[in-house]
1. I'm told Thr318 meets every condition in (1) in a loop (DSSP other than H, G, I, E, B); (2) more than 26 Å from Leu192 (Cβ to Cβ); (3) not hydrophobic (A, V, I, L, M, F, W, C) except one. Can you identify the failing condition by its number?
2. Please go through region 248-279 and give me each residue that is outside any strand (DSSP E or B) and either in contact with a Gly (Cβ under 7 Å, 6 or more places away or on another chain) or over 24 Å from Lys326 (Cβ atoms) (or both), ordered by number.
3. Only one of Gly191, Gly199 is touching a residue at least 12 places away in the same chain (Cβ under 8 Å), within 30 Å of Gly333 (Cβ to Cβ) and of a type in the set (Gly, Ala, Ser). Can you tell me which?
4. Has region 100-112 got any residue that is acidic (Asp, Glu) and under 30 Å from Thr196 (Cβ atoms)?
5. Find the residue count for region 241-277, including only residues that are within 14 Å of the chain's Cα centre (by Cα), farther than 19 Å from Ser144 by Cβ and crowded, with 21+ Cβ neighbours inside 10 Å.
6. Go through Leu184, Leu148 for me and flag whichever is surrounded by fewer than 19 Cβ atoms within 10 Å (Cβ to Cβ), of a type outside the set (Asp, Glu) and either modelled with pLDDT of 95 or more or more than 24 Å from Arg105 (Cβ to Cβ) (or both).
7. Look at Lys159 and say whether it is among the basic types (Lys, Arg) and either touching a residue at least 24 places away in the same chain (Cβ under 8 Å) or under 20 Å from Thr282 (Cα atoms) (or both).
8. Between Ala78, Ala99, which is surrounded by fewer than 17 Cβ atoms within 10 Å (Cβ to Cβ), in contact (Cβ under 8 Å) with a residue 12 or more places away in the chain, of a type in the set (Gly, Ala, Ser) and in contact with a Gly (Cβ under 7 Å, 6 or more places away or on another chain)?
Amino acid sequence: MNILVTGTAGFIGFHLAKKLSVLGHRVIGIDNINAYYDTTLKEARLKNSGIAVESIRDGIKQPSKVFDNYFFVKMDLADRGGLFDLFKKERFDYVVHLAAQAGVRYSLENPYAYIESNISGFLNILEACRKNRVKHLVYASSSSIYGLNEKTPFAVSDKTDSPASLYAATKKSNELMAHAYSHLYRLPVTGLRFFTAYGPWGRPDMAPAIFTRAIFENKPVKVFNNGNMRRDFTYIDDIIEGTVRVMNKAPAPSPVPCKVYNIGYGKPVGLMTFIETIEHYTGRKAKKELLPMQPGDVPITWADINELEADTGYRPKTSIEEGVRKFVEWYKGYYEKKKALSYNE
């Protein structure tokens with residue numbers, strides 16, 4: 001199959017592109033490599049997948065040195081002409097759209113970035129898929145759309161009209177836009193509400209990396225809502241397994257070929273427990289700074305994954321203990337090497 005994956009310099013996109021390449025699919029990855037967080041991490045992901053970052057040029061397809069069937073194109077989703085030309089030339093069978101402006105708290109600081117990327121950029125993807133008769137579009141939604149819901153676990157049938165952040169509002173908008181395109185043009189579309197993905201190569205602005213970095217640097221770990229938070233932490237391998245399963249199962253054509261699934265571990269973990277697990281695998285104690293709830297945050301995320309399991313056979317396998325152990329091992333290797341290189345410059 002010929003597959004487009006957007007956001008392949010990002011955490012989930014990087015892992016998905018490698019997985020699909022290993023499975024034998026022809027993969028084109030695109031990313032604008034923006035500076036929302038450390039671009040050296042994004043470039044390191046690309047290098048790990050065989051892309052020579054020093055040779056990257058806007059709009060130019062670059063082959064991987066690791067996978068014969070993987071190519072990368074630096075491109076912004078706002079580049080409508082470039083995106084449409086890529087679709088027309090490559091004739092994608094499937095599209096997995098993971099590129100987006102992420103982050104709940106950052107949406108309070110730079111709201112325009114979320115409209116430009118998550119709304120306008122998603123519209124460009126929908127139009128490109130419609131015009132080129134893509135067999136199935138899978139896109140990233142978010143557990144954030146459950147917002148202020150008090151009922152747990154969160155089920156896909158629950159109301160999602162009380163977002164607690166602009167980021168969540170843009171993801172809800174994506175789901176509405178996808179449904180409209182699916183209804184109007186019979187475009188098979190599936191949204192995935194990801195629940196706190198973590199693991200090796202994870203984002204530095206997410207809790208696992210923030211906590212681990214603070215512990216290693218002997219700095220206070222900021223614990224919001226005085227630690228009374230629970231998150232459905234989901235290991236990256238399980239996220240990727242679920243995404244591939246969904247990609248291979250397009251929604252039924254009637255009445256509308258449009259679906260949404262939760263993709264999580266299905267068991268929320270207390271923030272304090274998560275920090276204690278990091279402490280165990282780092283061999284260090286955290287200095288905890290208890291703080292009030294932050295604007296845009298919610299006290300709990302908890303995925304009801306029954307529908308995804310019933311339709312695809314998805315069953316997360318990685319425990320918090322195993323996942324944190326693997327993440328800490330990667331973190332020490334990556335950041336110690338980075339630190340050593342900076343000392344030698």
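1. Only one criterion in (1) in a loop (DSSP other than H, G, I, E, B); (2) more than 26 Å from Leu192 (Cβ to Cβ); (3) not hydrophobic (A, V, I, L, M, F, W, C) is unmet by Thr318, namely (2).
2. Residues satisfying the conditions are Asn248, Lys249, Ala250, Pro251, Ala252, Pro253, Ser254, Pro255, Val256, Pro257, Leu271, Met272.
3. Sole residue among the options that is touching a residue at least 12 places away in the same chain (Cβ under 8 Å), within 30 Å of Gly333 (Cβ to Cβ) and of a type in the set (Gly, Ala, Ser): Gly199.
4. Yes, because at least one residue in region 100-112 is acidic (Asp, Glu) and under 30 Å from Thr196 (Cβ atoms).
5. 0
6. Answer to the selection: Leu184.
7. It is false that Lys159 is among the basic types (Lys, Arg) and either touching a residue at least 24 places away in the same chain (Cβ under 8 Å) or under 20 Å from Thr282 (Cα atoms) (or both).
8. Ala78
The values are calculated or read from the model by the stated rules, or taken from the named source; none is laboratory data. Keep in mind that this is a model prediction, so the values were computed, not measured. We place every Cβ from the backbone using ideal geometry, glycine too, and count neighbours over all the protein chains shown.
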